[in-house]
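Written below as structure tokens is the structure these notes are about.
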Amino acid sequence: MQATMMNLPLSLNHLLERAGTLFSGNEIVSRLPDKTLRRHSYGEFYRRTRSLASALQGLGLQKGDRVATLCWNHHAHLECYFGIPAAGGVMHTLNLRLSPDEIGWIAGNAKDRFLVIDDVLLPLYRQIEHLYKFEKVIVFSFSGARVAPEFTDYDALLAAASPDTFTYAPHDENDPVAMCYTSGTTGRPKGVVYSHRSTILHTLVASLGDFWGLRGTDVVLPVTPMFHANCWGMPYGAVMMGVKLVFPGPHLHPDDLLDLIKQEPPTLALGVPTIWMSLIQTYDAAQADGSPNKGRWALPSGMKSLVGGAAVPESLIRAFDRHGIWILQGWGMTETSPVCTISYPRAELRGADADERYRRAAMAGVPVPLVDLRVRGDDGTDQAWDGKSVGEIQVQGPFITASYHEVPVDAEKFTDDGWLRTGDVASVDELGFVRITDRTKDLIKSGGEWISSVDLENALMAHPAVAEAAVIAIPDEKWSERPLACVVLKPGQVATPQDFNTHLLKHSFAKWQLPERYEFIDAVPRTSTGKFWKMKLREQFKA
Ligand code: ADP
């Protein structure tokens, strides 16, 4: 039998056309640098995006050419998400939190032809222009100020283009649409390239009911940067369903986010644990009698929240649930589009008590459809899904990268049979729940036994006096390595190492697993994507 279904390519352009046809009245809200809100309809989004694509073709963009973005989360960045691929190009989101040197290096490695940049980020551009020369710099006047004549004005470019006569660049479903670099916490950043096909499949899977559960009536607040792992793919899902989007722009301080949440209450919000931790601590502090912010904010009860990118402490999940907000944790990486596992309430857990539900929610979750996942032990065999045996997570699937941009496939990153080696160490239980214990390079081996830094951190962060805790390995003559806990206390709180040890022993840690030493620090150093930067702590406390 040969004839089956129509052989049409999976394509992002279909999502754009669908949005233009079905959702033209729906809303996209962007917070501007002056904190006012700009409102667009999906109809405008559709026309502006086609204008952008048409203009890029007019500028000579060829199939497969990279167009970089250096932008906050807002409507124009969304236009780039769809307009650059519509013109046949590859959107390359640059991470504005990296050092200028790194941004310049990454743009050069990707050979970006054009750059789309927010005017408010031009001071950053001034620090990279001598490192890499883009053919054209297209400035989006996010602040409303006039664009200097040395640059191309984004809005003028769109105004001069004709959305009606635009035709999509011919494409195959395996053609590239977007590119992100890994944040390089383990070496030089490497480019990961996504295709129409991988993006559509990832969008469909992540949008399923138990995961994002996107509905047309949703109001989605993406706090996760659009320059990090494609904002977890949410922009694609949002446009597929025409949901109302609320973009926070550059205002990610907890006070600002809480103001925005009050103004435009979301039904679904996504962000990394760091920001969510400060959000809930600020909100809870505001409830206290005498707080200057008492009554200023309201968290929308019933809102769902997606949190991932780093371990989500159970204490954080409980803190949000006290306000009727349920956190769904996801695990993944730039290489995996990124969603690989999501922790959701499985049928088998119906009737489970609250403690059990929280315990599960604090795990990385269950592999999503189309992702094959295995845990390889040191001896090279697959570990049993018994909740105890640990090894490296390896994954394969149609939205998992098969290589890095212009880097030879190496054995450190891929297995002989083509699976991605994630560098994350985990166990999986009988229900398929993955529990991340560490990254390979963060493991602590004490007297021949592994101690999970993530477990210690989560338990410490459940202590009422602790705002944040990061645990690293320090060299030890007798035990080879021992855990060192770096603790940030909440304002006005006091606690001693003895208090923490008592607390950990109550949380079923054995005596030999307790930190060897505690260091009180002002803040945990962060990577460009807001994760604990343990390398910095290791350097600081090496001695
Ligand atoms: P990088 O690998 O360069 O830091 P990514 O953003 O791709 O950049 O990070 C992916 C990594 O983040 C994963 O390999 C894992 O170590 C960590 N991570 C992501 N989600 C979780 C999670 N839910 N729990 C624990 N770690 C996580």
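Assorted remarks:
- Residue in the stretch 441-452 that is at pLDDT 90 or above and either under 19 Å from Ile317 (Cα atoms) or not assigned by TED's automatic domain parsing to the domain that holds Gly309 (or both) present: no
- Leading residue by the ranking (farthest from the chain's Cα centre (by Cα)) among those in the stretch 32-74 that are assigned to a strand (DSSP E or B) and β-branched (Val, Ile, Thr): Val67
- In the stretch 323-361, the qualifying residues are those that are of a type in the set (Phe, Trp, Tyr) and within 14 Å of Ala206 (Cβ to Cβ), and the one that is surrounded by the fewest Cβ atoms within 10 Å (Cβ to Cβ) is Tyr344.
- Residues of the stretch 328-353 that turn out to be away from the ligand (no atom under 16 Å from the Cβ) and under 19 Å from Arg439 (Cα atoms), as a count: 0
- When the stretch 280-329 is filtered for residues that are under 14 Å from Lys262 (Cβ atoms) and of a type in the set (Lys, Arg), the ones remaining, listed by number, are Lys294, Arg296.
Matching residues to (1) crowded, with 21+ Cβ neighbours inside 10 Å; (2) within 20 Å of the chain's Cα centre (by Cα); (3) assigned to a loop (DSSP other than H, G, I, E, B):
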{"position": "Pro149", "(1), (2), (3)": "no, no, yes"}
{"position": "Ala156", "(1), (2), (3)": "no, no, no"}
{"position": "Ser162", "(1), (2), (3)": "no, no, yes"}
{"position": "Pro170", "(1), (2), (3)": "no, no, yes"}
{"position": "Asn174", "(1), (2), (3)": "no, no, yes"}
{"position": "Ala178", "(1), (2), (3)": "yes, yes, no"}
{"position": "Val192", "(1), (2), (3)": "yes, yes, no"}
{"position": "Ser198", "(1), (2), (3)": "yes, yes, no"}
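- Among residues of the stretch 242-279, those that are in a helix (DSSP H, G or I) and either touching a Ser or Thr at 6+ places or on another chain (Cβ under 7 Å) or closer than 29 Å to Val466 by Cα (or both), counted: 16
- Across the stretch 256-308, the qualifying residues are those that are under 20 Å from Val339 (Cα atoms) and among the aliphatic types (A, V, I, L, M), and the one among them that is farthest from the chain's Cα centre (by Cα) is Leu268.
- Within the stretch 315-325, the presence of a residue that is in a strand (DSSP E or B), among the hydroxyl-bearing types (Ser, Thr, Tyr) and within 16 Å of the ligand (Cβ to nearest atom) is excluded.
- Checking Leu306 against (1) surrounded by 21 or more Cβ atoms within 10 Å (Cβ to Cβ); (2) within 15 Å of the ligand (Cβ to nearest atom); (3) part of a helix (DSSP H, G or I), the condition it does not meet: (3)
- Of the residues making up the stretch 437-453, those that are surrounded by fewer than 24 Cβ atoms within 10 Å (Cβ to Cβ) and either part of a helix (DSSP H, G or I) or within 10 Å of the ligand (Cβ to nearest atom) (or both) number 6.
- In this entry, Arg296 is excluded by the filter for residues that are farther than 19 Å from Ile28 by Cβ, in a helix (DSSP H, G or I), more than 15 Å from the ligand (Cβ to nearest atom) and in contact (Cβ under 8 Å) with a residue 24 or more places away in the chain.
- Residue in the stretch 222-238 that is among the polar types (S, T, N, Q), closer than 26 Å to Thr529 by Cβ and surrounded by fewer than 23 Cβ atoms within 10 Å (Cβ to Cβ) present: no
The values are calculated or read from the model by the stated rules, or taken from the named source; none is laboratory data. Just so we're clear, the structure is a prediction, and the values are computed from it rather than from any experiment. All Cβ positions, even for glycine, are placed from backbone atoms using ideal geometry, and neighbour counts span all protein chains on display.
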